[in-house]
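Right, one structure below, let's go through it.
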Amino acid sequence: MAKYRIAWLPGDGVGVDVMNAARKVLDAVKLDAEYLHGDIGCEFWCKEGNPLPERTVKVLNESDVALFGTITSPSKEEAAKELAPELQGKGLIYSSPIVTMRQSFDLYACVRPCRSFAKNPLNCRENIDITVFRETTEGLYSGIEFCPIPEDVRVVIEKHNTKMTRFNKFPAGEVALSARIMTQTGCERIIRKAFEFAKANNKPSVTLVEKSNMLRETGGLMLRTMKRIATEYPDISWNEANIDALCMWLLKNPERYHVLVAENMFGDIISDLCAQLVGGLGFACSGNIGDRYAIFEPTHGPALKYAGQNKVNPLATILAAMMMIDWLGEKEPARRIHAAVAVVVAEAKARTSDMGGSTTTSDMADAVVEALKRV
Ligand code: IPM
Ligand code: MG
């Protein structure tokens, strides 16, 4: 029996291409694993009315960890149109499978390392090393949303906050509400993850990304929790940055930041910004990590126009696979994959289209496999 059971979820668009590339690299480091395919994505929404079929949830439950490719995120209306005719009009609502998996498997910490590889032509600056800790089970992604707002909900809010009356003059269907709901437990566990990472990796600071001067209740809860947890880590400095100002500072002085911690939506935004600092989505990898299970993925979307063309940069997925085996405890093969990617980038022979070259997805994977022999 193999040492690990890995759920293998290619998903939509270029997901298959980049996952095949990652598999070459995992095979090259001789990972002792059995791979269990899981159906996920648009095809299953269209045919079955569920982008994350029950059989896939079963595969996840029976595995140690998952590697996930990419997924389309259509709007409610677009998704409804794509349903097979026999499924139309049944009130089926599309929810993003990655968001569903994060919530149902309690994968609360989305970890996004943004480290520049030397000589990457896409680097904004050399020597950037920022890791984003994004909370992914609550916040604005809780799915508590209304349009129109039911009358009883409106009345209750108005009873507790007269600012609600400002919206009474608008017709019901013209007012929408999305709730940013956060818990002390949710804040605490993501902040603790960020500090534990900083401690284990000798990072000098942790920055809370919030807007607590405006979002006083949720942001205030996050800030209070940050202050309390920070006292447990006296050797690590901490500060709070407003999300808007931080977008400017990160472009100006990225080397001043080491670990960022944020709630769901702010973490989503800031992690794309950090990804672009170090080469964009072709390099951005994520781990959605809980206390018992984890799903690793490239941060990029499905790039549908390149699907099946063997064209996109697979390094983000190869790095996600590297994070996955590191999480499994395979430290040395993980280190070697990172080193091999660094060699390939620095040698400048293999360059995918995002990097200004014409190396294909599979050739880039082969280049990493070749470099593995030298690290
Ligand atoms: C991400 C993505 C997802 C998110 C989408 C695909 C639902 O943008 O992982 O950053 O918003 O979390
Ligand atoms: Mg995102």
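Every read-out reported here was derived from the displayed coordinates using simple, explicitly stated rules and does not represent laboratory data. On a predicted model such as this, the values are computed, not experimentally measured, just so you know. Quick reminder, even Gly has a Cβ in these numbers, built from the backbone with ideal geometry, and neighbours come from all protein chains shown.
Couple of notes before you dig in:
- Cβ-Cβ distance of Lys159 and Glu188, R₀ of 25 Å, FRET efficiency by 1/(1 + (r/R0)^6): the value works out to about 0.25.
- Given charges at Cβ of Lys, Arg, Asp, Glu: the stretch 1-57 dipole, positive-most of Ile6, Gly49, Gly38: Ile6
- Computed per residue of the chain from DSSP H runs no shorter than four, each worth -39500 (n - 2.57), the mean residue ellipticity at 222 nm is -12500 deg cm²/dmol.
- The chain: C-alpha gyration tensor shape, a/c 1.5 cut-off, then a/b vs b/c: oblate
- Across the stretch 72-85, coupling constants 3J(HN,Hα) worked out from phi with the 6.51/-1.76/1.60 Karplus curve, θ = phi - 60°, read 7, 10, x, 6, 3, 5, 4, 4, 4, 5, 7, 5, 4, x Hz, and Gly and Pro carry x.
- Integer Hz, Karplus 6.51/-1.76/1.60 couplings in order for the stretch 161-171, x for Gly and Pro: 8, 5, 4, 4, 4, 4, 9, 5, 6, 8, x
- Rounded to the nearest 20 debye, the dipole magnitude of the chain is 820 debye, with +1 charges on Lys and Arg beta carbons, -1 on Asp and Glu beta carbons, and the Cα centre as origin.
- Global form of the stretch 29-186, assessed from the alpha-carbon gyration tensor, a/c cut-off 1.5: oblate
- About the Cα centre, charge dipole magnitude for the stretch 153-192 (Lys/Arg +1, Asp/Glu -1 at Cβ), debye: 80 debye
- Cross-link partners of Lys311 among lysines (Cα-Cα below 27 Å; sequence separation of 8 or more within a chain): Lys24, Lys30, Lys119, Lys349, Lys373
- Estimated distance in nm for a label pair at Cys124 and Asn201, the labels positioned 7 Å out from Cα along Cα-to-Cβ: 1.8 nm
- Since only Met101, Gly91, Val111 are under comparison, the one whose Cα sits farthest along the positive direction of the charge dipole of the chain, derived from C-beta charges on Lys, Arg, Asp and Glu, is Val111.
- Extended-chain gain in nm, criterion 0.36 nm per residue less alpha-carbon gap, Val375 and Arg335: 13.5 nm
- Calculated from backbone phi, Karplus (6.51, -1.76, 1.60) coupling profile of the stretch 293-306 in Hz, x at Gly/Pro: 9, 8, 10, 9, 7, x, 7, 6, x, x, 6, 3, 5, 9
- Where a label projected 7 Å from the Cα of Lys305 along Cα→Cβ would reach, residues of the stretch 1-18 with amide N under 15 Å: 14
- Helix runs (DSSP H) in the chain reaching 30 Å along axis by Cα, Kyte-Doolittle at least 1.6: none
- Pairwise label distance in nanometres, Glu145 with Asp291, each label 7 Å out on the Cα-Cβ vector: 3.0 nm
- In the chain, a dipole from Cβ-located charges (positive for Lys and Arg, negative for Asp and Glu) runs towards its positive end, and of Val369, Ile130, Ala350 it is Ile130 whose Cα lies farthest in that direction.
- Put a dot 7 Å past the Cα of Glu43, heading toward its Cβ, do the same for Arg115, and the two dots end up 3.5 nm apart.
- Restricting attention to the chain, close to 40% of DSSP beta bridges with both partner residues there are antiparallel.
- Footprinting exposure proxy ranking of Glu240, Glu297, fewest other C-beta atoms within 10 angstrom first, gives Glu240, Glu297.
- Any cysteine of the chain lacking a neighbouring Cys Cβ under 4.7 Å - listed by number: Cys42, Cys46, Cys110, Cys124, Cys147, Cys187, Cys247, Cys285
- Separation of alpha-carbon centers, the stretch 83-119 and the stretch 324-368, rounded to whole Å: 25 Å
- Per-pair calculated FRET efficiency, R0 = 25 Å: Ser237 and Ser178 via Cβ, rounded to 0.05: 0.15
- Here the stretch 202-260 was treated as a single set of alpha-carbon atoms; its pair distances binned every 10 Å from 0 give 23, 49, 27, 0 percent.
- Listed pairs Lys203/Lys252; Lys76/Lys227; Lys81/Lys169; Lys76/Lys305 exceeding 28 Å between Cα atoms: Lys76/Lys227; Lys81/Lys169
- Distant-in-sequence amide contacts of Val259, defined by a placed amide H-H separation under 5 Å and a gap of 5 or more residues or a different chain, comprise Thr131, Ser205, Thr207.
- Once the chain from Asp363 to Asp152 is taken as fully extended at 0.36 nm per residue, the excess over their C-alpha distance is 70.1 nm.
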